[in-house]
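The values are calculated or read from the model by the stated rules, or taken from the named source; none is laboratory data. Being a predicted model, the structure only gives us computed values, none of them experimental. Here the Cβ positions follow ideal geometry from the backbone for every residue, glycine too, while neighbour counts run over all protein chains shown.
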Ligand code: ATP
Ligand code: MG
């Protein structure tokens, strides 16, 4: 495919509504002085050095940044410990008995861990891991449901200086095995099972299948008892140990946090696999903590009084940066929920918000579109007036969903922060600052202070305002990945070779006349219709703005005359009947919204779209089907039957 996106991403659907920060919000915001942008621009290293004061260092660093592109070292010479920063230091303050985690299981049980509780549990778990032979530099795999032990396990590893690799609990045995072997893990921490929509997820059985003599580095499996007898697990003598048995001998005991170098690896995390085979990215300790702490405080406006809830799973980078490290280092009180949003009914999220008085909600556009499809009656059942800030991450959010979120969840009063970032970036990179930025639905607005984002054409020249191109980051930032685990060459070629010394994000973006950034989707997904570049985002937004449409994915199919033409895969809202007339109506709707050039050549109705396990639309698989190719890497696909169904329908319609 022609990858030249420099010319003309077509004008994005003009969404003219603008929302200045509500005055009462702006008055109390953590960041109130717009001078921070200029200050950070003039002296980025000085800016980050200022932020580094929020972190407790055992040994002070000597240099803020050592940059031998594309290799970065931040806070050179400093030593610290991430678990110490997230837990121990709060014990020296009034926060010692503050709730750190308010957990609710899917069946409804509740557990509260204060910072002191967390301290005790992390120490015991670290001692248990040490007894199993885990020391500084050993890697540990974590394959757990959303239970407090997931956070405890991550922090226990960090305490020992043992990098963790968390594998989302929805992954198959094969995916788990690949990650254990790639990261050379010594111990696996899992659970007997987890709950999902009232059913059991057989984690231990999956782990057994994953290991099956094919994970040479793995010595022990630590098993949390989440479900009990119903899970019916077999324990392999000599290899498997119950978590409660392993921690019991260490009750009340402590282990000093291992001082690690600022550049010591904190974790390895595999990307979602939306665009291809997942990459194991390495994040280190000092810069990562500085970046996640700073962004949590500034973007979520986090205060001690808040009740914060990030709905992501700890298996994704969002869970690492904005459930564990950023929020806990800030001394947050947060809600953690184990299960599905539609269990026992489609109002579970809203019930949780009302029950715990949640003030900050951070979720994904795909969830918001699902809630829209279910209808506003569900949130209306509950009092959501405690909310004061809403955030989104994971995909571009179409203006329709943004407005729905603001109106129906935020009651029209909460600022919405659309946060753009990646597993690679470790921290939020483009986002409003809620007390300063006038937001526009569908735009992630502006780069965070100290982040030098730009949009380049094929030749590496910044595109003029109003046009689109490759989104890049021109200067290192503290939470950036340091490499791909075991594959430094791929790190260089994938991210740093198109424009040497500049980080290539792989996403397309456009900046409007006012300098706002609009994410347009993956560069690989961009369509080239009669020499016009059209981002998938704008086509999908146009479709979703039609009242019949719940969700849409658009791909380019080969067209004799135009080169490519858009083909739309559309999921209808609950009560809408599919028909040929509706297909025509949707095509006309897109043509009216964007222009005749964007008119979908074909519209397919489908019950679901193929998504990654992090719930992102995998357009590359739709392209494979449309082009009659063998479908590519599907290991991160949520539900293979969705793909089979689309394939069958596609073949039927083409016949
Ligand atoms: P892979 O790299 O394996 O294809 P992935 O890119 O989906 O997987 P993540 O690192 O979880 O893995 O996702 C980052 C990507 O998600 C970004 O590159 C971008 O395409 C998309 N994204 C995240 N947040 C936003 C946002 N607020 N607006 C637009 N896109 C976003
Ligand atoms: Mg990616």
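For this structure, a couple of remarks:
- Filter result for residue 411 (in contact (Cβ under 8 Å) with a residue 12 or more places away in the chain and on the phi > 0 side of the Ramachandran plot): yes
- Considered as a group, the residues in the stretch 254-273 that are more than 23 Å from residue 314 (Cβ to Cβ) and touching a helix residue (DSSP H, G or I) at 6+ places or on another chain (Cβ under 6 Å) include one that is surrounded by the fewest Cβ atoms within 10 Å (Cβ to Cβ), and that residue is 254.
Residues checked against (1) part of a strand (DSSP E or B); (2) over 21 Å from residue 428 (Cβ atoms); (3) more than 16 Å from ligand 2 (Cβ to nearest atom):
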{"site": "489", "(1), (2), (3)": "no, yes, yes"}
{"site": "498", "(1), (2), (3)": "no, yes, no"}
{"site": "507", "(1), (2), (3)": "yes, no, no"}
{"site": "520", "(1), (2), (3)": "yes, no, no"}
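To keep it simple, each residue is scored yes or no on (1) more than 16 Å from ligand 1 (Cβ to nearest atom); (2) over 19 Å from residue 482 (Cβ atoms).
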residue: 276; (1), (2): no, yes
residue: 285; (1), (2): yes, no
residue: 299; (1), (2): no, yes
residue: 303; (1), (2): yes, yes
residue: 308; (1), (2): yes, yes
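- If you go through the stretch 47-60 and keep only what is in a helix (DSSP H, G or I) and either touching a strand residue (DSSP E or B) at 6+ places or on another chain (Cβ under 8 Å) or exposed (fewer than 11 other Cβ atoms within 10 Å of the Cβ) (or both), you end up with 48, 49, 52, 53.
- Filter result (more than 25 Å from residue 490 (Cα to Cα) and surrounded by fewer than 24 Cβ atoms within 10 Å (Cβ to Cβ)) within the stretch 274-298: 297, 298
- Close Cβ contacts (under 9 Å, 6 or more residues apart or on different chains) running from residues in the stretch 354-382 that are over 19 Å from residue 104 (Cβ atoms) to residues that are loosely packed, with under 15 Cβ neighbours inside 10 Å and modelled with pLDDT under 95 comprise 373/574; 374/574; 375/574.
- Test: residue in the stretch 616-630 that is within 16 Å of ligand 1 (Cβ to nearest atom) and over 25 Å from the mean Cα position of the chain (by Cα): yes
- Taken over the stretch 331-358, the criterion of being farther than 16 Å from residue 102 by Cβ and touching a helix residue (DSSP H, G or I) at 6+ places or on another chain (Cβ under 9 Å) is satisfied by 340, 341, 342, 345, 346, 347, 350.
- Search result, residues across the stretch 421-446 that are within 22 Å of residue 284 (Cβ to Cβ) and in contact with a strand residue (DSSP E or B) (Cβ under 9 Å, 6 or more places away or on another chain): 421, 422, 423, 424, 425, 426, 428, 429
- Hits in the stretch 302-317 (condition: more than 23 Å from residue 196 (Cβ to Cβ) and touching a strand residue (DSSP E or B) at 6+ places or on another chain (Cβ under 6 Å)): 306, 308
- Matching helices (runs of 4 or more DSSP H) fully within the stretch 580-655 where at least 2 residues are loosely packed, with under 15 Cβ neighbours inside 10 Å: 580-594, 640-654
- Enumeration of residues in the stretch 318-358 that are assigned to a helix (DSSP H, G or I) and under 21 Å from residue 386 (Cβ atoms): 322, 323, 327, 348, 349, 350, 351, 352, 353, 354, 355, 356
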